[in-house]
Every structure is written in structure tokens, then in C-alpha cells.
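Novice: Right, I'll just put the structure down here and ask away after.
The values are calculated or read from the model by the stated rules, or taken from the named source; none is laboratory data. Because the structure is a prediction, the values reported are computed rather than measured. When we count neighbours, we look across all protein chains shown, and the Cβ atoms used for this are built from the backbone with ideal geometry, even at glycine. Accessible surface is based on the protein model in full, side chains and every heavy atom, while ligands, DNA and RNA are left aside. Shrake-Rupley method; radii C 1.70, N 1.55, O 1.52, S 1.80 Å.
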Amino acid sequence: MPIINTRWNNGNSDGDRLVVDIFPLSSYYFSSKAAAASKDETLADRALRLKSNYDAYGMRTCVEAVILVELFKHPHLLLLQSKNCIYKLPGGRLRPGESDINGLKRKLLSKLCADDDNYRTHWEVSECIGMWWKSDFETLPYPYLPSSGRTPKECTKLYLVKLPSNRDFIVPKNFKLLAVPMCQLHENRKTFGSIIAGIPQLLSRFSINMVRT
């Protein structure tokens, strides 16, 4: 598995913590491309699709990217926003037999790169920093296996993804790519949902180094 460009922080008040370098938001270029097709028209359509996929392939596994940038000397998380109220991490469902790393790279190319990229853009995927589970298709996710005795219907894995000092982001027109400060995410489940609101805590074991370019 590729490892993020991190280093151990020794001999200071932070102790032995992994250091993650992040770069200013102004280092990156943002543009748009054709809108992505919508899979579901209603919640009922989504529930039927999820049940059909579960019957065919078993538990649904999703991989999502935690991508950080610096803005106003504060770490920000990159989120996709759709319909002005739904926030998502870049990523999505794995194909049958697909590895976590390959699946996440495929999804990042689809969500954040030009359609004719043809895998020219390299995504540096690091370790899995968290896993969330659903015991049913419409239940809330939990950061542990449900104790209901039922086979989980979905598992979502969060991976830390390292950005280079510059990159082009090409996003479908029906999405906005936002940089949201970590302080707004912390325990803000009502706005961002349990998974995104829990990311600041997951990152607490890292020391964030904001690199000026």
C-alpha cells in the first residue's frame, strides 16, 4: 500500500506523532466538466438499488478520501456538495473484486479529474484512518460493527490522501468542491453527518504541517 509523505515528529511537545504536510488552497486550480449522471430520483429508488446490489454482490463497500488543504492558516477538508445541502467526501462504491486503493483512485479520477485524464493524475493514497458500518440500508452509520446480530449491509472506509503542491481539480457541474474548516466539522452531525463530523477526531493523532509555497 502506498504510504503518504509523512514523518515522525520527535523531540518536541507533540511527542511521536505523524506529521502530514498540507499546501495552501491557492496552489490549486479549479474548473468544471459535464454534470455527473444521477443514479436515484427518489429515496425509494435508492433503497431498491441498494437492496438489489446487496442481493447480487453482498455487503456494499465504499472508500472515501480525506483530503486536506490550508486556508487562513487553518486546515480545511475538501468536500463535494450537491443540491446545496448534501455534503460528501470524494469517493464511492467499490466494484466486485476491486481493491480499496484502486477503487478510490478510480473514484477520485471520476469525481475530481478531467474525463480524458486516462489515469495520468497520480493519487497518493495512505492508510485507512477509520471505518463505519451500517446494519441496514437506511440506518445511521456507526464506527463499530453493529451488535444487532445481522450481517452489515455497508462498510465505509476513510483513507488519508496526500496532495502535491499543485494540482488541477475538474468537478462535475452538479457538484461544488468546497474547502471546509476543521473547526466547523467537529461534532457537527446535523450539517455534515456522523462520518464527516468525526474526521477531526480521527486526525488528532497527526500533526498537521502547513507548508507555505
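Novice: Which links in K73/K173; K83/K111; K105/K157; K33/K88 stretch past 20 Å when you go from one Cα to the other?
Specialist: Pairs exceeding the cut-off: K73/K173.
Novice: Rounded to whole Å, give me the distance from the Cα center of segment 13-82 to that of segment 174-192.
Specialist: Going from one Cα centre to the other spans 11 Å.
Novice: So, one more: Which percent, to the nearest 5, of DSSP beta bridges fully inside the chain are antiparallel? Please report the intermediate quantities before stating the final value.
Specialist: Values: 29 of 49 bridges.
Just about 60 percent of them are antiparallel.
Novice: Rounded if a/c is under 1.5, else prolate if a/b beats b/c, else oblate: with a ≥ b ≥ c from the C-alpha gyration tensor eigenvalues square-rooted, which is segment 90-213?
Specialist: oblate
Novice: Rounded to whole Hz and in sequence order, give me ³J(HN,Hα) for segment 167-178 from the Karplus expression 6.51 cos²θ - 1.76 cosθ + 1.60, θ = phi - 60°, writing x for Gly and Pro.
Specialist: Karplus values, whole Hz, x for Gly and Pro: 5, 9, 10, 10, 10, x, 4, 8, 10, 10, 9, 10.
Novice: Return the single residue from K88, K105, K190 with maximal mean-square fluctuation; model: Gaussian network over the chain, springs between Cα atoms under 10 Å.
Specialist: Answer for the Gaussian network model of the chain: K190.
Novice: Once amide H atoms are placed 1.01 Å from N in the peptide plane, what residues at a sequence separation of 5 or more from K153, or on another chain, have their amide H within under 5 Å of its amide H?
Specialist: Those qualifying (amide H under 5 Å, at least 5 residues apart or on another chain) are K134, S135, D136.
Novice: Kindly report the accessible area of segment 75-147 per residue (heavy atoms of protein chains, probe 1.4 Å, no ligands, DNA or RNA), in Å².
Specialist: 52 Å²
Novice: Most mobile of H122, H76, H186 per a Gaussian network model of the chain (Cα springs, under 10 Å)?
Specialist: H122
Novice: Of the residues A65, A56, A114, which exhibits the maximal mean-square fluctuation in a Gaussian network model of the chain defined by a 10 Å Cα contact cut-off?
Specialist: Of the options given, A56 has the highest mean-square fluctuation.
Novice: Within segment 70-125, list the GluC sites (Glu not before Pro) lying in a DSSP loop whose Cβ has at most 15 other Cβ atoms in a 10 Å radius. Provide the component values of the computation, followed by the final result.
Specialist: Working: sites: E70, E98, E124; in loops: E98.
Listed in order of number, the matching sites are E98.
Novice: Would you calculate a helix-derived [θ] at 222 nm for the chain, using -39,500 (n - 2.57) for each DSSP H run of n ≥ 4 and dividing by the full residue count, to the nearest 500?
Specialist: Values: 5 runs with 45 residues, N = 213.
So the calculated ellipticity at 222 nm is -6000 deg cm²/dmol.
Novice: Further question: Taking all protein chains as present, what is the carbon and sulfur share of the accessible area of the chain, in % to the nearest whole number, probe 1.4 Å? Kindly include the intermediate steps, with their values, before the conclusion.
Specialist: Numbers: 5990 of 11710 Å².
Carbon plus sulfur share of accessible area: 51 percent.
Novice: What full-extension length gain, to one decimal in nm, is calculated for M59 and S194 as 0.36 nm per residue of separation minus the Cα-Cα distance?
Specialist: Between M59 and S194, full extension yields 46.6 nm more.
Novice: Would you please give the residues with an amide H less than 5 Å from that of V20, counting only those at least 5 places away or on a separate chain, with H modeled from the backbone geometry?
Specialist: S207, I208, N209
Novice: Continuing with the same structure: Is segment 83-125 rounded, prolate or oblate when judged by the Cα gyration tensor, a ≥ b ≥ c being the square roots of its eigenvalues, rounded requiring a/c under 1.5 and prolate requiring a/b larger than b/c?
Specialist: oblate
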